[in-house]
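Novice: Okay, here's the structure, questions in a sec.
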């Protein structure tokens, strides 16, 4: 299998001034094309560091992709280092890239400077893939077998340009390397801790064939994505074998699985409500609109989502949602009774088939009865109202995410239960 390394170049990454998003986007594209990424690293703007690291990667990988250091300023030294690494004896002007540079500058009302023109100069031992999104060209260095027997692709560091270069880079790779297929299948699981899930499916995982690999990818808003990967073989064979394994896993995990694709709770709910022809609303206190945001982030959500009430203040809970004052006084704002009344209230106000509510303490402070991280969730529907209490131990932002995700999953399970009866 063809192996690749990805190297980002620039002090701004090492000091945390810029977040490296290029590597993840490039790695994802390479994996989908059947290229295994064996390493990612970041290198500062230092000649010796760049030379030493690139020599090492070229000796161990078939393909090395770099991003950054190709701009017009003095700290952009990558081009010169690559010229040295490749044994180039000079630079040549690439007419196609020069024309692109000129067009970009003129479109912005700028004059061509010597520093801009210099970006079209490339080492004489490289090939050029024109960069139509920026001024720095994509340079391709093919090293002979007696040196590294590898290919290096130098991409601009600007994420828009680096990501835009991926299709052309992959086209060149396919023309020069025999690629094998990599299959990835995902299963989305919610309601189990990663450690508990791992222990529960251990017999199944231990029995996987050696060419299959399982990865656990947790996220507070989506639960755990189980990614099953198969390297090598025909795509048809991979699909069949993966399908058999996924079917066994779904049977084991039952309703803990909410999707058999790379998915989100809100998108899954959207398909569920659309297919059933039902509508939804929300009443949020501690989540402050996060549930509504997630639901409306799904294209087409207007077909089933009617709206929400962010009832942060007690007065809004009472006056808009109709939560009785004596209920709040007797049980407290963070309680099963208030969560139930909020869900019933917003369902009544909007006329929706289902409604979900949250009331809790995201932090940093708790109260006399409830510690930070406590949330009550309510779901009201045709079969009545049900509530759920959860407690998390995170910071405010993470607690809000977990509250919202728990609410969406509780809603999902309640709707599925009603539809099955």
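Novice: Would you check which residues across region 219-276 are free of Cβ contacts under 8 Å to residues at least 12 places away in the same chain and closer than 26 Å to residue 407 by Cβ and list them?
Specialist: 219, 254, 271, 275
Novice: On the basis of being more than 27 Å from residue 263 (Cα to Cα), touching a helix residue (DSSP H, G or I) at 6+ places or on another chain (Cβ under 7 Å) and in a strand (DSSP E or B), does residue 356 make the cut?
Specialist: Judged against the criteria, residue 356 is not a match.
Novice: Which of the residues that make up region 180-203 are part of a loop (DSSP other than H, G, I, E, B), crowded, with 18+ Cβ neighbours inside 10 Å and without any contact (Cβ under 8 Å) to a residue 60 or more places away in the chain?
Specialist: Listed by number, the list holds a single entry, 201.
Novice: Which of the residues spanning region 52-72 are touching a helix residue (DSSP H, G or I) at 6+ places or on another chain (Cβ under 8 Å) and over 30 Å from residue 178 (Cβ atoms)?
Specialist: 69, 72
Novice: Within region 2-93, considering only strands (runs of 3 or more DSSP E) that don't extend past its boundaries, which have at least 2 residues that are out of contact with any strand residue (DSSP E or B) (no Cβ under 7 Å at 6 or more places or on another chain) and at pLDDT below 95?
Specialist: It comes to none.
Novice: I would also like to ask the following. Which condition number in (1) touching a strand residue (DSSP E or B) at 6+ places or on another chain (Cβ under 7 Å); (2) at pLDDT below 95; (3) at positive phi is the one that residue 223 fails?
Specialist: That leaves (2) as the condition not met.
Novice: Right, next: If residue 168 satisfies all but one of (1) touching a residue at least 40 places away in the same chain (Cβ under 8 Å); (2) within 20 Å of residue 21 (Cα to Cα), what's the number of the condition it fails?
Specialist: (1)
Novice: Please go through (1) within 17 Å of residue 187 (Cβ to Cβ); (2) touching a helix residue (DSSP H, G or I) at 6+ places or on another chain (Cβ under 8 Å); (3) surrounded by fewer than 16 Cβ atoms within 10 Å (Cβ to Cβ) for residue 276 and return the number of the only condition it doesn't satisfy.
Specialist: (1)
The values are calculated or read from the model by the stated rules, or taken from the named source; none is laboratory data. Being a predicted model, the structure only gives us computed values, none of them experimental. Ideal geometry is used to build each Cβ from the backbone, glycine not excepted, and the neighbour counts take in all protein chains shown.
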